[in-house]
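To keep things clear, I will list the structure first and then write my remarks on it.
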Amino acid sequence: MTDGPDTQIVDIDVSAEMEASFLEYAYSVIYSRALPDARDGLKPVQRRIVYMMQDMGLRPDRAYVKSARVVGEVMGKLHPHGDSAIYDALVRMAQSFSLRLPLVDGHGNFGSLDDGPAASRYTEARLAPASLAMTENLDEDVVDFVANYDNKLTQPSVLPAAVPNLLVNGAAGIAVGMATNMAPHNLIEVVAAARHLLDNPRATLDELMRFVPGPDLPGGGKIVGLEGVREAYETGRGRFVTRATTRVEKVSARRQGIVVTELPYMVGPEKVIEKIKDGVSNKKLEGISAVTDLTDRHHGLRLVIEVKNGFNPEAVLEKLYRYTPLEESFSINNVALVDGEPRTLGLKELLQVWVAHRLEVVRRRSSYRLRARRDRLHLVDGLLIAILDIDEVIQIIRAADDSAVAKERLRTAFDLSDIQAEYILELRLRRLTKFSRLELENEKSQLLAEIAELEEILGSESVLRAVVAREMDAAAAAHGTPRRTILLADGGALAPAAAVGARAGTKAPALSMEIEDSPCYALLSTTGLVARTTSDEPPVREGAAARTMPCAPCFTPRPARRSAS
């Protein structure tokens with residue numbers, strides 16, 4: 001810049017400017033991008049997607065629309081950032097393996113654990129049924145609305161959230177100086193714990209863990225070791241180990257195999273296969289002859305790991321847990337926004353925030369409905385007055401020079417309010433029948449009953465809590481599913497819900513890779529057929545001549561065999 005009469009040079013401290021700029025950036029990332037709100041469990045971009053899809057009328061009973069159209073509406077009206085960030089958030093809300101309760105119903109290729117989704121122009125979307133519970137009663141002044149980025153439109157600061165989305169679906173995000181990583185849970189269990197906390201505000205953590213014994217992951221699997229789960233529920237930070245669901249089967253006439261039907265959270269079969277091949281090539285894994293992925297959309301996940309003859313499948317499985325993603329750890333870090341501030345929350349605190357939010361939503365909804373019912377009752381009373389003296393009403397209107405004079409005369413003659421007089425002036429002639437009068441009287445009776453009910457809700461805390469409890473039960477019944485993840489103690493034993501939080505036992509000893517030799521008998525028939533049996537007594541076959549001889553390993557001691565390569 002050249003010097004001139006209008007030139008103004010301002011000296012600034014570079015360190016102070018960098019500090020202020022960094023704090024502003026950090027504030028934006030924490031509050032507007034990375035961290036979810038503890039009340040509805042949504043980040044701003046997720047909330048804007050759900051709200052805009054609801055505003056577009058993309059209900060579960062309506063047709064799908066292109067995902068690109070949804071992205072464009074969200075970006076143009078509420079979220080002025082890149083379309084890829086919006087589409088990535090929409091895709092995650094549609095993936096059943098990412099969320100325990102998907103909020104978007106996707107049609108098309110929305111990706112898998114190993115592959116990304118198709119472009120937004122190729123996929124279609126609409127709201128899932130659970131999203132209707134998230135946006136229910138949004139038009140009844142249940143939450144505050146704030147201006148969008150250009151102050152031309154408004155958007156909800158939080159959704160009503162009739163389901164505890166933060167605990168049910170979890171969250172993950174990296175902000176500046178902090179991060180969040182929350183595990184998914186079972187909706188029925190979380191609602192049961194919230195109901196208990198609603199009735200017993202001083203409930204302890206042990207009481208709540210009777211209802212929520214641990215996370216419930218979308219892909220099922222097993223959680224081994226509950227010490228970290230309890231620590232996370234108590235302090236907001238903890239760690240647990242997830243394992244695949246496996247079983248040993250006979251995969252061919254002569255070989256056994258390990259069949260994997262469920263994988264740890266966010267682990268795909270291709271990643272497992274790659275790690276197994278790496279382990280076999282560098283000699284960390286032994287006894288594996290082949291790995292086959294038989295997964296399809298009809299039978300679900302099926303990963304078959306063939307075990308070589310002479311190897312113990314259980315011992316091979318222990319090695320697979322150690323060196324492959326068949327066993328993964330999950331670190332819990334429950335950080336969410338509470339009253340606009342990031343906080344680390346335990347299980348009880350998370351439930352308290354959601355319960356308090358639901359109480360406030362129902363209270364504001366009841367107040368809104370009470371005002372609406374009273375306003376309608378006021379109009380109905382005016383209509384009944386007009387219908388009873390309809391001849392005089394018509395005469396007053398016909399004699400008036402304009403609507404303002406007619407309105408004033410109606411007010412004076414029948415002691416009406418401005419709103420009632422205006423409403424009578426707009427009355428249609430078909431409303432003057434005898435049947436319409438009966439309808440108005442029935443409507444008045446119904447309005448009086450609803451007003452009394454709403455006044456009772458607002459006048460009694462116990463009645464308000466009962467309404468919230470009923471709606472919690474309804475949400476769990478409509479969207480809840482049975483538990484998928486099995487909880488195990490450190491030793492691998494099934495952990496009962498009542499014993500959650502107790503100190504786990506010691507680890508089981510390591511299994512031998514070899515199959516031990518056991519006594520057996522070999523049968524040689526006259527036709528040349530050979531059979532083997534492990535019975536203690538020599539078998540006798542009736543109707544056929546056979547020669548029985550003991551197997552050599554049963555009677556001749558010999559050193560243990562080396563593991564096969």
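A few remarks follow.
- Set 124, 140, 136: member being of a type in the set (Asp, Glu), surrounded by fewer than 22 Cβ atoms within 10 Å (Cβ to Cβ) and closer than 20 Å to residue 83 by Cα: 124
Table: residues versus (1) assigned by TED's automatic domain parsing to the domain that holds residue 468; (2) buried (at least 16 other Cβ atoms within 10 Å of the Cβ); (3) part of a helix (DSSP H, G or I); (4) in contact with a Leu (Cβ under 7 Å, 6 or more places away or on another chain).
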| site | (1), (2), (3), (4) |
| --- | --- |
| 342 | no, yes, no, yes |
| 348 | no, yes, yes, yes |
| 351 | no, yes, yes, yes |
| 356 | no, no, yes, no |
| 359 | no, yes, yes, yes |
| 371 | yes, no, yes, no |
| 379 | yes, yes, yes, no |
| 384 | yes, no, yes, yes |
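- Taking the conditions (1) surrounded by fewer than 17 Cβ atoms within 10 Å (Cβ to Cβ); (2) assigned by TED's automatic domain parsing to the domain that holds residue 305 in turn, residue 260 satisfies each one other than (1).
- Among the numbered conditions (1) among the charged types (D, E, K, R); (2) over 23 Å from residue 178 (Cα atoms); (3) modelled with pLDDT of 85 or more, the only one that residue 47 does not meet is (2).
- Residue, surrounded by the fewest Cβ atoms within 10 Å (Cβ to Cβ), within the range 148-193, restricted to residues that are more than 18 Å from residue 37 (Cα to Cα) and small (Gly, Ala, Ser): 192
- Qualifying residue in the range 280-292 (condition: buried (at least 18 other Cβ atoms within 10 Å of the Cβ), polar (S, T, N, Q) and within 24 Å of residue 115 (Cβ to Cβ)): no
Rundown of residues vs (1) within 20 Å of the chain's Cα centre (by Cα); (2) within 25 Å of residue 88 (Cβ to Cβ), yes/no style:
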| residue | (1), (2) |
| --- | --- |
| 188 | yes, no |
| 201 | no, no |
| 215 | yes, yes |
| 219 | yes, yes |
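- Residue 231 meets each of the listed conditions (1) under 25 Å from residue 331 (Cβ atoms); (2) free of Cβ contacts under 8 Å to residues at least 60 places away in the same chain; (3) touching a Leu at 6+ places or on another chain (Cβ under 9 Å) apart from (3).
- Of the residues making up the range 149-159, those that are out of contact with any His (no Cβ under 9 Å at 6 or more places or on another chain) and of a type outside the set (A, V, I, L, M, F, W, C) are 150, 151, 152, 154, 155, 156, 157.
- Of the residues making up the range 23-35, not a single one is buried (at least 22 other Cβ atoms within 10 Å of the Cβ), modelled with pLDDT of 95 or more and of a type outside the set (Ser, Thr, Tyr).
- Checking each residue in the range 234-250 for being farther than 23 Å from residue 333 by Cα and of a type outside the set (S, T, N, Q) picks out 247, 248, 249, 250.
The rows are residues; the columns are (1) acidic (Asp, Glu); (2) modelled with pLDDT of 95 or more.
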| site | (1), (2) |
| --- | --- |
| 180 | no, no |
| 193 | no, yes |
| 207 | yes, yes |
| 220 | no, no |
| 224 | no, no |
| 246 | no, no |
| 250 | no, no |
| 271 | no, no |
| 278 | yes, no |
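- Scanning the range 49-106 for residues that are under 26 Å from residue 483 (Cα atoms) and assigned to a strand (DSSP E or B) yields 104, 105, 106.
- Boolean, residue 402 is farther than 14 Å from residue 379 by Cβ, out of contact with any Gly (no Cβ under 6 Å at 6 or more places or on another chain) and free of Cβ contacts under 8 Å to residues at least 60 places away in the same chain: yes
- Check on residue 34, closer than 27 Å to residue 341 by Cβ and touching a Ser or Thr at 6+ places or on another chain (Cβ under 9 Å): yes
- Listed by first and then second residue, the pairs linking a residue in the range 166-185 that is farther than 14 Å from residue 102 by Cα to a residue that is hydrophobic (A, V, I, L, M, F, W, C) and in a strand (DSSP E or B), with Cβ atoms under 6 Å apart and 6 or more places separating them unless they lie on different chains, are 178/335; 180/171; 180/335; 181/172; 182/171; 183/332.
- Scanning the range 324-340 for residues that are under 16 Å from residue 244 (Cβ atoms) and either of a type in the set (Gly, Ala, Ser) or surrounded by fewer than 17 Cβ atoms within 10 Å (Cβ to Cβ) (or both) yields a single hit, 329.
- Of the residues making up the range 145-156, at least one is without any contact (Cβ under 8 Å) to a residue 12 or more places away in the chain and among the small types (Gly, Ala, Ser).
- The range 176-295 holds strands (runs of 3 or more DSSP E) entirely within its bounds, and those carrying 2 or more residues that are closer than 14 Å to residue 320 by Cα map to 237-243, 245-250, 256-262, 288-293.
- Taking each residue of the range 430-448 that is over 17 Å from residue 389 (Cβ atoms) and loosely packed, with under 13 Cβ neighbours inside 10 Å and looking for partners that are acidic (Asp, Glu) and modelled with pLDDT of 75 or more with beta-carbon atoms closer than 7 Å, six or more apart or interchain, yields nothing.
The values are calculated or read from the model by the stated rules, or taken from the named source; none is laboratory data. No experiment lies behind these values; they were computed from the predicted model shown. Positions of Cβ are generated from backbone atoms using ideal geometry, with glycine treated the same way; all protein chains shown enter the neighbour counts.
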